[in-house]
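The next block holds one structure in the form of structure tokens; read it before the comments.
No lab work stands behind these numbers, since they all come straight from the coordinates. Everything numeric here is computed off the predicted structure, so don't read it as measured data. Please note: Cβ atoms are built from the backbone with ideal geometry, for glycine as well, and neighbour counts cover all protein chains shown.
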There are 2 protein chains.
Amino acid sequence: MAELTLTTFDWVPAAPRGFVRDFRVRWALEEAALPYRVASTSFDDRAPAHFAHQPFGQVPWLTDGSVSIFETGAILLHLGGLSERLMPNDPRGRTEATEWVFAALNSVEMASLPWGMSKFMGHPTDTAAWKFVDDFLKLRLKHLESVLGSREWLAGSFSVADILMADVLRVVDGFNGLTDSPACRAYVARATGRPAFAKAHADQLAHFAAADKARGA
Amino acid sequence: MAELTLTTFDWVPAAPRGFVRDFRVRWALEEAALPYRVASTSFDDRAPAHFAHQPFGQVPWLTDGSVSIFETGAILLHLGGLSERLMPNDPRGRTEATEWVFAALNSVEMASLPWGMSKFMGHPTDTAAWKFVDDFLKLRLKHLESVLGSREWLAGSFSVADILMADVLRVVDGFNGLTDSPACRAYVARATGRPAFAKAHADQLAHFAAADKARGA
């Protein structure tokens, strides 16, 4: 197997630590016990070489031998093809995991990202714009609550879809947005209680802590 | 090949016509010249059978024989596997198209959807919340402009990634959001000028017009 290299920023401010998107890839790599190394790209100075790998100047990207892949969803589908611990091997199981990968990102995070950013920025909540954002998320959570009330994981067994959905929902949970969604909360607890989550989370924090030390912060 | 059936709403209000998400699937099916039929589900009364196919009560879903798939992104990747007109057949080409499928939805539409909804709802534009949403989209368009300035289609040849990206961008263009992005505008014109776009668009409008007639509207 070709060497897998995950690239993330060399440093980020304190607030996003533990949530930088390389986390989702680290978690998957740890679940699958795939060997990988972590490389860094400058946060302060985003060079043309960075944009050649990630056209929006973000992280992460993954290289698998000579192939370079950006977008966390695409990276996780790629890793799903490398390990049955991340995605079932049969066509129907792969299809089911794939639709839930998109659902996590496009049906739930599409609603939770504007919601979470408004919370984080402290935007006023007495506006029509906020009500729209809040209602949008609540509607999605209502339907997701029905799904998660009757299954342990989204696509049969644990898969990359759960990595994405749980990572999306733990942000909502962090802003107390799951108080009316007990099945979603239990699901987040179940997913984030996995040893691979803890390892990936500790590794990301350690990566950025080492950068502080190198900067003399 | 098993029969492909695309399910959409039986009727929708006037505003979203031409933009209901079955459009992206129709466009792909027309590009690939795959035979398919269109089925309807009630817009007014979303029954348990609807949620069994689409857990968020939305449309579309696609059935391919006994397999039922929701989420437009997952449906388009599935169709990409059925036709080289929608996705290259080699692993590297498939990876490239897949990353751009996610980029269209997660890097661009994640920014354009809140922007477009605020425009559509007429939310005030003198707020910090609006500035955040507007700046977020502008940053993504700036980087996409660089990409589209030097290539005709996102992943080598025309693919499902272009169907998604062009459909995302035409909404922004409709609210005059591409005035500083000439390469993005030219790309939208190039994509929407394809015969399969016109056919899919006319078919969706005809589908809902027939529903008006049946309702005696």
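For the pair the stretch B:33-58 and the stretch B:192-216, the centres of their Cα atoms are 17 angstrom apart. When only the Cβ of Lys, Arg, Asp and Glu is charged (+1, +1, -1, -1), the dipole of the protein assembly as shown relative to its Cα centre reaches about 300 debye.
A simple charge model with +1 on the Cβ of Lys and Arg, -1 on the Cβ of Asp and Glu and nothing else charged puts the dipole of the stretch A:36-146 at about 100 debye relative to its Cα centre. Relative contact order for the stretch A:91-194: 36 percent, from Cα pairs under 8 Å spaced at least 6 residues apart, divided by residue count.
Sites listed here are chymotrypsin sites (Phe, Trp or Tyr not before Pro) in the stretch B:113-197 whose DSSP assignment is loop and whose Cβ has at most 14 other Cβ atoms within 10 Å: B:PHE175.
Put a plus charge on the Cβ of each Lys and Arg, a minus charge on the Cβ of each Asp and Glu, and nothing anywhere else: the dipole of the stretch B:78-217 about its Cα centre is then about 240 debye. Using θ = phi - 60° in the Karplus curve 6.51 cos²θ - 1.76 cosθ + 1.60, the 3J(HN,Hα) couplings for the stretch A:176-181 round to 6, x, 10, 4, 9, 10 Hz; x is entered for Gly and Pro. Considering only the Cα atoms of the protein assembly as shown, their convex hull presents on average a projected area of 21.0 nm². Modelled spin labels at A:ARG215 and B:ASP44, positioned 7 Å past Cα toward Cβ, are 5.9 nm from each other. Quick check on my link table: of B:LYS119/B:LYS142; A:LYS131/B:LYS131; A:LYS119/A:LYS199, which ones sit more than 22 Å apart, alpha carbon to alpha carbon? From B:LYS119/B:LYS142; A:LYS131/B:LYS131; A:LYS119/A:LYS199, over 22 Å: A:LYS119/A:LYS199. Oblate is the label for the stretch B:121-217, because the ratio a/c of its alpha-carbon gyration tensor axes (a ≥ b ≥ c) is 1.5 or higher and a/b is not greater than b/c. Taking every DSSP helix (H) stretch of at least 4 residues in chain A, weighting each as -39,500 (n - 2.57) and dividing the sum by the residue count yields a mean residue ellipticity at 222 nm of -17500 deg cm²/dmol. Hydrophobic, long helices, defined as DSSP H runs whose alpha-carbon span along the helix axis is 24 Å or greater and whose mean Kyte-Doolittle value is at least -0.5, occur in chain A at A:128-148, A:195-215.
The alpha-carbon positions of the stretch B:2-96 define a convex hull whose volume is 105 Å³ per residue.
With a ≥ b ≥ c taken as the square roots of the eigenvalues of the C-alpha gyration tensor of chain A, please select rounded if a/c is under 1.5 and otherwise prolate if a/b is larger than b/c or oblate if it is not? The shape class here is oblate.
Measuring nothing but how far apart in sequence close Cα pairs (under 8 Å, 6+ apart) lie, relative to its length, chain B scores a relative contact order of 25 percent.
Applying 1/(1 + (r/R0)^6) with r as the Cβ-Cβ distance of B:LEU82 and B:ALA206 and R0 = 22 angstrom yields a FRET efficiency of 0.35.
When only Cα pairs below 8 angstrom with a gap of at least 6 residues are kept, the stretch B:1-94 shows a relative contact order of 34 percent.
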